[in-house]
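Visitor: Attaching a single structure in structure tokens format; questions to follow.
The values are calculated or read from the model by the stated rules, or taken from the named source; none is laboratory data. As the structure is a prediction and not an experimental result, all values here were calculated from the model. We place every Cβ from the backbone using ideal geometry, glycine too, and count neighbours over all the protein chains shown. Surface accessibility is based on the protein's heavy atoms, side chains included, excluding ligands, DNA and RNA. Shrake-Rupley method; radii C 1.70, N 1.55, O 1.52, S 1.80 Å.
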Protein chains: 2
Amino acid sequence: MVKLVIDMMGGDNGSKATVEAVNRFLNEINDCEIIAVGDENELASLKSRVTIIPSQTVVPMECSVLQAMRMKDSSVYKAVNAVISEKADGVVSAGSTGAFLSLTTLILKKIDGVDRPALITPFPTKIEGKYVVLLDVGASNENTPLELMQFGKMGQAYCKAIYNNDNPNVYLISNGAEEGKGSPVTKEAYELMKDMKGFKGNLEGRYVLDGKADVVVFDGFSGNVFLKGCEGLAKMMSSMIKDAFTSSFGSKIGYLFAKKGFKGFKNKMDYKKVGGAFLVGVNTIPVKAHGNATGESFFYSMMIAYNLAKKNIVNEIKENLK
Amino acid sequence: MVKLVIDMMGGDNGSKATVEAVNRFLNEINDCEIIAVGDENELASLKSRVTIIPSQTVVPMECSVLQAMRMKDSSVYKAVNAVISEKADGVVSAGSTGAFLSLTTLILKKIDGVDRPALITPFPTKIEGKYVVLLDVGASNENTPLELMQFGKMGQAYCKAIYNNDNPNVYLISNGAEEGKGSPVTKEAYELMKDMKGFKGNLEGRYVLDGKADVVVFDGFSGNVFLKGCEGLAKMMSSMIKDAFTSSFGSKIGYLFAKKGFKGFKNKMDYKKVGGAFLVGVNTIPVKAHGNATGESFFYSMMIAYNLAKKNIVNEIKENLK
């Protein structure tokens, strides 16, 4: 039995989205217990299905770590602490990224051998069914070379646990493929990673999604720029496709014929289904859903936490860092 | 009359691509003189149309700045020097980025008030006909806050000259929109840029292409990761569209109907037409074409240099930095 704590209050869409997500989740999954932290009135409809921990306070999106640590009544603070008190496997929140990441790190502690936790996310590639694992996509603003090396190892553990890939390769994002290219930090990281099992060297941005890489290591700043850049471009291209199909009567007919082929395309690029990012490197499974998560995307964030718990990801990480 | 020097030798496709490009260019443009640096035999067919400066040596893609400075017989060295001796307006090369950028900077010198030149490139946005100007997309591996501020000013000058935009806005790439977000370097840059005319604050990667930004400032490392990431994703999505249209008999028929609508789409995302990146901040117009530039994309690189020369971009930059 998996046990997950859900911060029901943090996101832009409030408990409306999270209640919808929890209901769907419990309809589909029958070996998971849910502890829901939020306003008892708003969660009334869930009463028979989940354990409710009451909280009506939401940490503001832009609050500091110190403020977040002081707001002991907030839903996110209570949710993170419930991981300990309820012996839960993970915690999901759509609230302030900064507050959620720092509270999980400070309260639930980092895994031994991890200097900095990282946000990790799979991304679809050119090869059907193959995902590339990207980290850090935004937990840090800057990283040391040692942290980047640890990211590589955590990424490998993730691939082993989630994709049953026994020998995952690791690339380091860079501005050129050759050794000696990169920022001062990535150049040093390259030296540290050189002898690491599966390390394949530098990778340029244009090859991240071509399917050859299992894990790509980014510093948190450029990883965030990369991921959000891809998100923006995918959105733009999708709306261009829509426009192309509605530009004339002929193209509308074309759509009727090609619809089926495009369904797979849409599914693949549907960001909602990516759900959220897992903060890898702490002694639990924290999944950060988008701030503006809908019921659907919050559901997928819960699925991520559930699947990671089933695969015992925290132990896998610990093993890989030994 | 515009005058351009062309390094005919540097790219992966050698003079085959560049000769094709020069011929097309001269067929379409009649107020530009071309000085072609390369192997006289290979350029024989151009003899009546251009001035030829002989060189048979190509700087290796991975040579150091020092090596490049010593290879005085190389096509790129001779091309950069010909900008002075021939009083040319610009120089185009598909050769080693490092060699080309450092030779132009060292030999042709930086503009007063510029600490570091930057690679600048326009990118299509969601809004039809609107481009966003991105810099630095890869001239540097890291940048100071002051350099980022100068990039903003150069980007504005570019918008003024190329798009007749009298009041271009400038955003700073970041991992969050609010003041106080960012890497240590971008946070300091924010402070410096705060009072700059047109500065609009931080911008997340997902909004770079939505059409509201005129100029987005990146450090060279994350700019390179962003641009190449977009390139890779666009390629992947384009091939997915192709697959969607060929996945069944019905979808093939759909294509026949929708073809017209998709032509605009293809044109917009055709990376070949973006051509190359302009190194802004030196006393000339150096345009770096892709290493694997075809005749078509090298032609577009020449067009960039030509158009920038017609708009007197170097003076515009100088004015904007005063």
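Visitor: At 20 angstrom or more along the helix axis (alpha-carbon based) and mean Kyte-Doolittle of 1.0 or higher, what helices does chain A contain? Whole DSSP H runs only. Could you put the intermediate results ahead of the total?
Guide: Values: long enough: A:14-28 (22 Å, -0.38); A:145-163 (27 Å, 0.08); A:220-246 (39 Å, 0.36); A:249-269 (27 Å, -0.35); A:295-310 (22 Å, 0.36).
The answer is none, since no helix passes both cut-offs.
Visitor: Continuing with the same structure: How well do other chains shield peptide B:180-191, expressed as the mean number of their Cβ atoms within 10 Å of each residue Cβ?
Guide: On the way: counts 2, 4, 3, 10, 3, 3, 2, 1, 0, 0, 0, 0.
Mean partner-chain Cβ count within 10 Å for B:180-191: 2.
Visitor: So how strong a dipole does the protein assembly as shown carry about its Cα centre when Lys and Arg Cβ are +1 and Asp and Glu Cβ are -1, to the nearest 20 debye?
Guide: On the way: 78 positive and 70 negative charges, 337 e Å.
For the protein assembly as shown, the charge dipole is close to 1620 debye.
Visitor: Sticking with this structure for a sec: Relative contact order for region B:70-121 using alpha-carbon pairs under 8 Å, separation at least 6, rounded to a whole percent? It would help to have the intermediate numbers written out before the result.
Guide: Numbers: 24 pairs, mean separation 15.9, N = 52.
The value is 31 percent.
Visitor: Another question, then. Using only protein heavy atoms and a 1.4 Å probe, how much accessible area in total is buried between B and A, to the nearest 100 Å²?
Guide: On the way: alone 15470 and 15470 Å², together 26240 Å².
Chains B and A together bury approximately 4700 Å².
Visitor: Once you have a ≥ b ≥ c as the square roots of the Cα gyration tensor eigenvalues for region A:39-116, tell me rounded if a/c is under 1.5, and otherwise prolate or oblate according to whether a/b is larger than b/c. All intermediate terms of the calculation are to be shown ahead of the outcome.
Guide: Values: a/c = 2.49, a/b = 1.41, b/c = 1.76.
Oblate is the answer for region A:39-116, as a/c is 1.5 or above yet b/c matches or exceeds a/b.
Visitor: Restricting to bridges with both residues inside chain B, how much of the DSSP beta-bridge set is antiparallel, in percent to the nearest 5?
Guide: On the way: 12 of 40 bridges.
So the antiparallel bridges in chain B amount to around 30 percent.
Visitor: Per residue, how many Å² of accessible area does the protein assembly as shown show with a 1.4 Å probe?
Guide: Values: 26240 Å² over 644 residues.
With the other protein chains kept in place, the protein assembly as shown gives 41 Å² per residue.
Visitor: Tell me, how many Å apart are the Cα centres for region B:288-306 and for region A:197-238?
Guide: Cα centroid of region B:288-306 versus Cα centroid of region A:197-238: 26 Å apart.
Visitor: I've got another one for you. Just counting partner chain Cβ atoms within 10 Å, what average do the residues of peptide B:159-167 show around their Cβ?
Guide: Values: counts 0, 0, 0, 0, 0, 0, 0, 0, 0.
Partner-chain Cβ atoms within 10 Å, mean over residues of B:159-167: 0.
Visitor: Next question, about the same structure. Just to be sure I understand the model, the point goes 7 Å from the Cα along the line to the Cβ. What's the resulting residue B:33 to residue A:16 distance in nm?
Guide: Roughly 6.9 nm, to one decimal.
Visitor: Round to a whole number: what % of the accessible area of region A:11-73 belongs to carbon and sulfur, probe 1.4 Å? Present the calculation step by step, with values, prior to reporting the outcome.
Guide: Working: 1730 of 3590 Å².
Carbon and sulfur: 48 percent of the exposed surface of region A:11-73.
Visitor: Select from A:313, B:221, A:25 the residue farthest towards the positive end of the dipole of the protein assembly as shown; place +1 on Cβ of Lys and Arg, -1 on Cβ of Asp and Glu, and compute about the Cα centre.
Guide: A:25
Visitor: Something else: For the protein assembly as shown, just say rounded, prolate or oblate: build the C-alpha gyration tensor, square-root its eigenvalues into a ≥ b ≥ c, call rounded for a/c under 1.5, and beyond that prolate if a/b exceeds b/c, oblate if not.
Guide: Prolate is the answer for the protein assembly as shown, as a/c is 1.5 or above and a/b outweighs b/c.
Visitor: Applying 1/(1 + (r/R0)^6) with R0 = 41 Å to the Cβ-Cβ distance of residue A:112 and residue B:109, what FRET efficiency is obtained, to the nearest 0.05?
Guide: Numbers: r = 53 Å, r/R0 = 1.30.
That gives a FRET efficiency of 0.15.
Visitor: Let me know the charge dipole size of chain B about its Cα centre in debye, to the nearest 20, where only the beta-carbon of Lys, Arg (+1) and Asp, Glu (-1) is charged. Spell out each step's value before the answer.
Guide: Numbers: 39 positive and 35 negative charges, 175 e Å.
So the dipole magnitude of chain B works out to roughly 840 debye.
Visitor: Can you list the residues of region B:94-142 whose accessible area drops by at least 20 Å² going from the chain on its own to the full set of protein chains, with a 1.4 Å probe?
Guide: B:126, B:141, B:142
Visitor: Can you flag which of A:47/A:109; B:3/B:235; A:16/B:242; B:197/B:311; A:130/A:200; A:16/A:228 are past 28 Å Cα-Cα? Could the numbers behind the result be given before it?
Guide: Details: A:47/A:109 31 Å; B:3/B:235 34 Å; A:16/B:242 39 Å; B:197/B:311 22 Å; A:130/A:200 18 Å; A:16/A:228 26 Å.
The answer is A:47/A:109; B:3/B:235; A:16/B:242.
Visitor: Right, another one. Taking a cut-off of 20 Å between Cα atoms, list the aspartates and glutamates near residue A:110, but don't count ones fewer than 8 places away on the same chain.
Guide: Partners found: A:86, A:89, A:136, A:142, A:147, A:219, A:316, A:319.
Visitor: Relative to the present Cα-Cα distance, how much length would full extension add between residue A:188 and residue A:312 at 0.36 nm per residue of separation? Walk me through the numbers before you get to the answer.
Guide: Details: separation 124, 0.36 × 124 = 44.64 nm, distance 3.19 nm.
Stretched fully, the residue A:188-residue A:312 segment lengthens by 41.4 nm.
Visitor: Follow-up. I'd like the distance separating the alpha-carbon centroids of region A:1-40 and region B:99-137, in whole Å.
Guide: About 48 Å separates the Cα centre of region A:1-40 from the one of region B:99-137.
Visitor: Let me ask something else about it. Shielding of A:215-225 by partners, i.e. mean partner chain Cβ atoms within 10 Å per residue? List each step's numbers first, then the result.
Guide: Numbers: counts 0, 0, 0, 2, 4, 2, 12, 13, 4, 10, 17.
What the average comes to for A:215-225 is 6.
Visitor: Relative contact order, percent, of region A:89-147 when contacts are C-alpha pairs under 8 Å separated by at least 6 residues? Write out the running numbers ahead of the final one.
Guide: Details: 42 pairs, mean separation 15.2, N = 59.
About 26 percent, as a whole number.
Visitor: Here's a follow-up. Using a Gaussian network model of chain B whose springs link C-alpha atoms within less than 10 Å, name the residue from B:252, B:200, B:130 with the highest mean-square fluctuation.
Guide: For chain B, modelled as a Gaussian network with Cα springs under 10 Å, the answer is B:252.
Visitor: Put a label point 7 Å from Cα along the Cβ direction on residue A:291, then list its distances to the equivalent points in the other copies in nm, shortest first.
Guide: With the label placed 7 Å along Cα→Cβ, residue A:291 yields 3.9 nm.
Visitor: Out of the total accessible area of region A:178-250 (probe 1.4 Å, heavy atoms of protein only), what percent is carbon and sulfur?
Guide: Details: 1450 of 2830 Å².
Carbon and sulfur together cover 51 percent of it.
Visitor: Would you please classify the overall shape of chain A from the alpha carbon gyration tensor, given that a ≥ b ≥ c denote the square roots of the eigenvalues, rounded means a/c under 1.5, and beyond that prolate means a/b larger than b/c while oblate covers the rest?
Guide: Taking the square roots of the gyration eigenvalues as a ≥ b ≥ c, chain A is oblate.
Visitor: Obtain the nm distance between the two label points defined at residue B:44 and residue B:167 by a simple spin-label model: each point lies 7 Å from its Cα along the Cα-to-C-beta direction.
Guide: My value for the distance between the label points is 6.0 nm.
Visitor: Another question, then. Only residues of region B:207-247 count here: report those whose backbone N is under 19 Å from the spot 7 Å along Cα→Cβ of residue A:130, or say none.
Guide: Answer for this model: B:229-244.
Visitor: Could you rank the peptides A:284-292, B:43-51 by their average count of other C-beta atoms within 10 Å per residue, with the highest value first?
Guide: On the way: A:284-292: 23.6, B:43-51: 15.0.
My ranking of the peptides, most packed first, is A:284-292, B:43-51.
Visitor: Same structure, new question: When you count, for each residue, the other Cβ atoms within 10 Å and take the mean per peptide, how do A:301-309, A:60-68 rank with the highest first?
Guide: Working: A:301-309: 23.3, A:60-68: 15.3.
Ranking the peptides A:301-309, A:60-68 by packing returns A:301-309, A:60-68.
Visitor: Report, in debye and to the nearest 20, how large the dipole of region A:68-213 comes out about its Cα centre when Lys and Arg carry +1 and Asp and Glu carry -1 on their Cβ. Each step should come with its number before you reach the end.
Guide: Details: 18 positive and 17 negative charges, 53 e Å.
Once rounded to the nearest 20, the dipole reads 260 debye.
Visitor: I've got another one for you. What is chain A's relative contact order, in percent, from Cα pairs under 8 angstrom and six or more apart in sequence? Numbers along the way, then the final one.
Guide: On the way: 662 pairs, mean separation 75.1, N = 322.
Relative contact order for chain A comes out at 23 percent.
Visitor: At a 10 angstrom cut-off on C-beta neighbours, averaged per residue, how do the peptides A:79-86, B:169-176 rank from highest to lowest? Don't skip to the end; give the middle numbers.
Guide: Values: A:79-86: 20.6, B:169-176: 24.6.
Highest mean packing first, the order is B:169-176, A:79-86.
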